1. Once you order the gyration tensor axes a ≥ b ≥ c over the Cα atoms, which shape class does chain B get: rounded for a/c under 1.5, otherwise prolate or oblate by comparing a/b with b/c?
2. Using 1/(1 + (r/R0)^6) with R0 = 45 angstrom and r between the beta carbons of B:W95 and B:R33, what's the FRET efficiency to the nearest 0.05?
3. Report the charge-dipole magnitude of segment A:2-215 in Debye, nearest 20, computed about the Cα centre from +1 at each Lys and Arg Cβ and -1 at each Asp and Glu Cβ.
4. Among B:A225, B:A262, B:A246, whose Cα projects farthest towards the positive end of the dipole of segment B:215-262, with charges put on the beta-carbon of Lys, Arg (+1) and Asp, Glu (-1)?
5. Quickly work out the A:S14-to-B:Y223 label distance, labels modelled 7 Å from Cα along the C-beta direction, and quote it in nm with one decimal.
6. Taking R0 as 25 Å, what's the FRET efficiency between B:T234 and A:D73 from their Cβ-Cβ distance, rounded to 0.05?
7. For chain B, what are the DSSP H helices with axial Cα length of 15 Å or more and mean Kyte-Doolittle hydropathy of at least 1.6?
8. Cross-link candidates for A:K110: which lysines have Cα within less than 26 Å, leaving aside residues fewer than 8 places away along the same chain?
Amino acid sequence: MELIRLEGVSFAYSGRPPVFQGMDFALSEGQRLGILGPNGAGKSTLFQICLGLLHPQQGRIYAKGGLCQGEKDFRALRRELGYLFQDPDDQLFCLTVAEDVAFGPLNLGKGRQEVQRLVEGTLNSLGLGDYGHRLTYQLSGGEKRLISLATVLAMQPKALLLDEPSTGLDSERAAVMERVLDESNLSWAMVSHDLGLLERTCHNIVRLEGGLLKDLP
Amino acid sequence: MSEAASQAAAQAAVRVEPAPTLDNALAVGPVGRLDPRAKLVVVFAYSLLMALAYSPLMAALGVLLGLGLVAWARLGWKVFLSRLVAVNLFTAFLWLFLPWQLSLGQGAWDLSLAYNPDGLSLALLVTLKANAIFLALLALLGSSPVNDIFHALAHLKVPSKLVTMFLLFYRYLHVMRQEYQRLRQAMQVRGFQPGSNLHTYKTYAQLTGILLVRSLDRSERVYQAMLCRGFGGTFWLLDHFSWRRADTGFCLVSGLVLLVLALLQWSGISWN
């Protein structure tokens with residue numbers, strides 16, 4: 001089933017050359033898509049447009065076949081598509097780890113006990129079981145990155161948009177992350193410079209270049 | 001789970017240091033274990049009373065009480081002294097300026113500076129009051145982790161917008177400090193030496209400007225991150241306070257002391 005589709009999307013930041021001109025993009029359930037691209041190719045912009053955080057000047061966005069028109073449609077979409085931000089300091093805005101992981105599920109209206117189970121379960125699955133009471137600003141870069149992933153996973157999305165997920169992770173933690181992703185039944189679109197990572201974790205890889213998605217040569 | 005992967009997870013878990021519970025608090029003593037809600041209420045009432053006090057003797061009593069609290073909180077001398085100096089740098093200016101009175105004569109340039117003993121006693125009163133409040137704040141609030149204080153504010157029904165603002169402010173203060181340090185280092189490695197010259201002022205102005213712009217950008221990204229996780233106006237807090245008998249006792253004793261102080265101040269007893 002198709003989760004999200006962009007059709008003929010054009011986008012430019014004001015006063016700068018366009019990032020996308022008539023670009024198409026789609027992600028379906030069961031798909032694991034790798035997106036390779038140089039710096040400034042618009043990888044993060046693509047994800048932000050998908051989730052209605054940036055609004056394209058032209059083009060349409062469909063979620064599960066329905067046209068997304070306003071904030072309300074995107075709110076529903078954001079429950080299904082978890083976005084892992086490039087900078088974990090943007091993603092972790094609460095003071096304690098447990099609060100940050102609980103933030104999403106509580107917003108979805110889940111009960112306190114269920115949220116507590118979710119928080120513990122998610123942290124345990126990432127090998128961070130005793131991090132609940134740690135303060136987010138005192139974590140190392142790698143720890144922040146994994147906790148960010150936990151905050152996204154705790155919302156139980158159907159698919160993930162992963163923006164450079166391995167940045168700042170040492171090899172052990174990167175292995176933990178790859179294992180957790182691999183064992184999940186999640187779909188994703190993953191953006192990275194790291195071709196090796198994409199080859200290990202994704203089913204097919206495309207290249208974002210000149211504002212368009214192209215198959216790898 | 002494959003064996004190698006579970007080993008990796010176990011290793012990642014083993015490297016975790018024990019979770020520090022009081023890591024941004026200074027105290028280890030009994031004051032540190034008091035419920036932050038009790039401490040907030042007491043310190044608020046105490047500060048109010050001290051701010052309203054008008055006799056130096058009363059303010060001096062307050063300083064003694066504050067010193068007692070600091071000793072009880074076992075904060076450590078170094079922290080205590082360094083902060084005491086910081087506060088009294090401000091009150092020093094009062095001593096410098098208040099005892100002098102400027103009087104205007106007939107002519108435009110006919111000014112004279114005269115010694116004014118009232119100013120001196122005012123400086124003394126303000127210094128005592130400021131220190132009394134500072135000592136109580138240091139002993140009571142400085143002995144709890146900052147996040148606990150914010151949580152306590154929320155539990156005490158302080159408007160949630162205000163609490164959210166405090167929480168985000170404290171969270172991103174650390175990020176901004178790191179950003180500032182990185183920028184400073186980048187300046188240092190390119191040979192920047194601050195001095196009293198235009199180049200220094202310009203550089204600091206740019207540094208401030210960049211920090212502001214970056215903070216604005218970051219605030220947008222943080223808001224996006226909140227939207228992505230379904231933010232609808234509520235900043236959730238997880239409960240983790242438990243009121244103990246010691247907290248009730250602390251509130252009762254403090255209430256009694258404050259009542260006695262208030263009676264002493266306003267019962268018409270002459271202090272002179």
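1. Oblate, because a/c is 1.5 or more while a/b does not exceed b/c.
2. My answer for the efficiency is 0.75.
3. Values: 22 positive and 27 negative charges, 111 e Å.
Here segment A:2-215 has a charge dipole of around 540 debye.
4. Result: B:A246.
5. Spacing of the two 7 Å Cα→Cβ label points: 1.4 nm.
6. Efficiency at R0 = 25 Å is approximately 0.70.
7. Passing helices, by number: B:56-73, B:117-140.
8. Correct list for A:K110: A:K64, A:K72, A:K144, A:K158, B:K157, B:K161.
Any read-out appearing in this document is the output of simple, stated calculations on the displayed coordinates, not a laboratory observation. On a predicted model such as this, the values are computed, not experimentally measured, just so you know. A quick note on method: Cβ atoms are made from the backbone with ideal geometry, for glycine too, and the neighbour counts reach across all protein chains shown.
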